[in-house]
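For reference, the structure discussed in these notes is given below.
Values in this text are rule-based calculations from the coordinates and carry no lab data. These numbers come from a predicted model, not from an experiment. Cβ coordinates were reconstructed from backbone atoms using ideal geometry, including for glycine residues, and neighbour counts include every protein chain displayed.
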Amino acid sequence: MTDSSRSQGGLICLAAGVAALLFAIGVLRGSYLALAIPVAILTLFALGLVFWVGWTIYTVQVDPEETAEAPEPPATVPPSPPSSSAGPAQTTR
């Protein structure tokens with residue numbers, strides 16, 4: 001991790017802390033905007049994500065799959081009769 005990444009992370013934490021402090025002050029003063037502005041931002045952000053997912057699904061390019069021919073089943077050899085080691089069968093009377 002580079003020093004610039006750490007400094008950017010620190011600035012993000014500082015900005016989040018300042019935003020939380022301003023929000024808390026606004027709530028304690030009973031300001032309607034202290035609640036309305038963050039809720040509006042989060043709602044618009046969530047709706048933007050939903051739109052982005054929908055747009056991605058709508059515009060995705062999908063190549064149609066080629067229908068593969070069904071492979072022919074392997075040729076089966078009918079079973080041969082059991083072989084006898086004594087030669088042809090003899091009938092006795």
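On the beta carbon distance between ALA46 and GLN8, with R0 = 30 Å, the FRET formula returns roughly 0.75. For the pair VAL39 and VAL77 in one chain, pulling the backbone fully straight at 0.36 nm per residue adds 6.3 nm over the alpha carbon distance.
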